[in-house]
Amino acid sequence: FDIRRNFGSINKFTTNPNGSVNITQPDAYSNVYSDFEFNPLPWLAFESFASVNVAGDNFTFFNNQVRWQANRALEFAVGNRYITNSILFPDSNLVYGNAFYRLNEHGQFPGGISYDTVDGRLPEVSVTIYRDLSAWQMALTLARREINFNETENVIFLTFTLKAFPQINLSTGEFGGN
C-alpha cells in the first residue's frame with residue numbers, strides 16, 4: 001500500500017485584498033491510495049487501484065481488472081470502475097470489457113465496451129484498427145459515446161503516430177546544421 005498526502009486536492013487558497021495568497025493545508029490525510037498488481041502466471045494478471053476516502057469530504061475510487069492472454073495474439077480484460085463523491089465526475093459503477101487481437105506484426109484490433117450499473121446505460125463502445133507502416137503507425141477508431149444521459153456522439157479518429165525517424169536528413173543548413 002502507498003499512503004500519499006493531499007498534493008493540493010484539499011488545499012485552500014485565499015487571496016487577500018492586498019494581493020497576497022494564504023495557503024491552508026490540513027494536517028489529516030484525505031485518501032489512502034493503493035496500487036496493486038498480481039501476476040500468478042505470465043498470461044494472467046489482476047490489477048487494482050484504489051483511493052479510499054478517510055477524511056469524509058473527498059472522493060472514493062476503485063478500478064479493478066483481470067487480464068487473460070489466451071495466446072500470443074489474443075488478450076481479454078474485464079473490470080469494474082467505481083467512483084463516488086467526486087466533484088468532477090458523477091457517481092458511477094462501470095463494468096467494462098476489452099479485447100485485443102494481434103493479426104500479425106502489422107495489424108492489431110482492440111475493442112472495448114462499458115456498462116454503467118447505476119443507470120443501465122452503455123457510456124462507450126469502441127473498436128480500433130491499427131496498421132504498422134514501418135516508421136509510422138496508423139489507427140482508425142470508431143466509437144459511440146454517451147456524453148450526457150440524452151446525448152450521444154459517434155466518433156471517428158484517424159491518427160498517425162511516428163514510431164521511428166526514417167533515414168532522412170531534416171537539417172536545412174541553418175543554425176549550424178549540415
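The values are calculated or read from the model by the stated rules, or taken from the named source; none is laboratory data. For clarity, every value in this text was computed on a predicted model and none was experimentally measured. Here Cβ is always computed from backbone atoms with ideal geometry, including for glycine, and neighbour counts include all displayed protein chains. When the accessible area is computed, the model is the full protein with side chains, heavy atoms only, and any ligands, DNA or RNA have been set aside. Shrake-Rupley method; radii C 1.70, N 1.55, O 1.52, S 1.80 Å.
Details
- For segment 74-97, taking the residues that are charged (D, E, K, R) and closer than 19 Å to Asn31 by Cβ, the one that is modelled with the highest pLDDT is identified as Arg81.
- Count of residues meeting criterion [surrounded by fewer than 17 Cβ atoms within 10 Å (Cβ to Cβ), in contact (Cβ under 8 Å) with a residue 12 or more places away in the chain, of a type outside the set (Asp, Glu) and assigned to a loop (DSSP other than H, G, I, E, B)] in segment 43-63: 3
Residues are listed down the side, and each one gets a yes or a no for (1) open to solvent by 60 Å² or more (accessible area, probe 1.4 Å); (2) over 16 Å from the mean Cα position of the chain (by Cα); (3) within 21 Å of Ala45 (Cβ to Cβ):
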site	(1), (2), (3)
Gln65	no, no, yes
Phe76	yes, yes, yes
Asn104	yes, yes, no
Leu133	yes, yes, no
Ala139	no, yes, no
Leu142	yes, yes, no
Glu153	yes, yes, no
Phe157	yes, yes, no
Ala164	no, yes, no
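- Residues that are among the aromatic types (Phe, Trp, Tyr), open to solvent by 40 Å² or more (accessible area, probe 1.4 Å) and not in a loop (DSSP other than H, G, I, E, B) were ranked within segment 78-102; the one that is nearest to Gly120 (Cα to Cα) is Tyr82.
- Single match in Phe149, Phe165, Phe160, Phe175 (criterion: modelled with pLDDT of 90 or more, of a type in the set (A, V, I, L, M, F, W, C) and over 24 Å from Phe76 (Cα atoms)): Phe160
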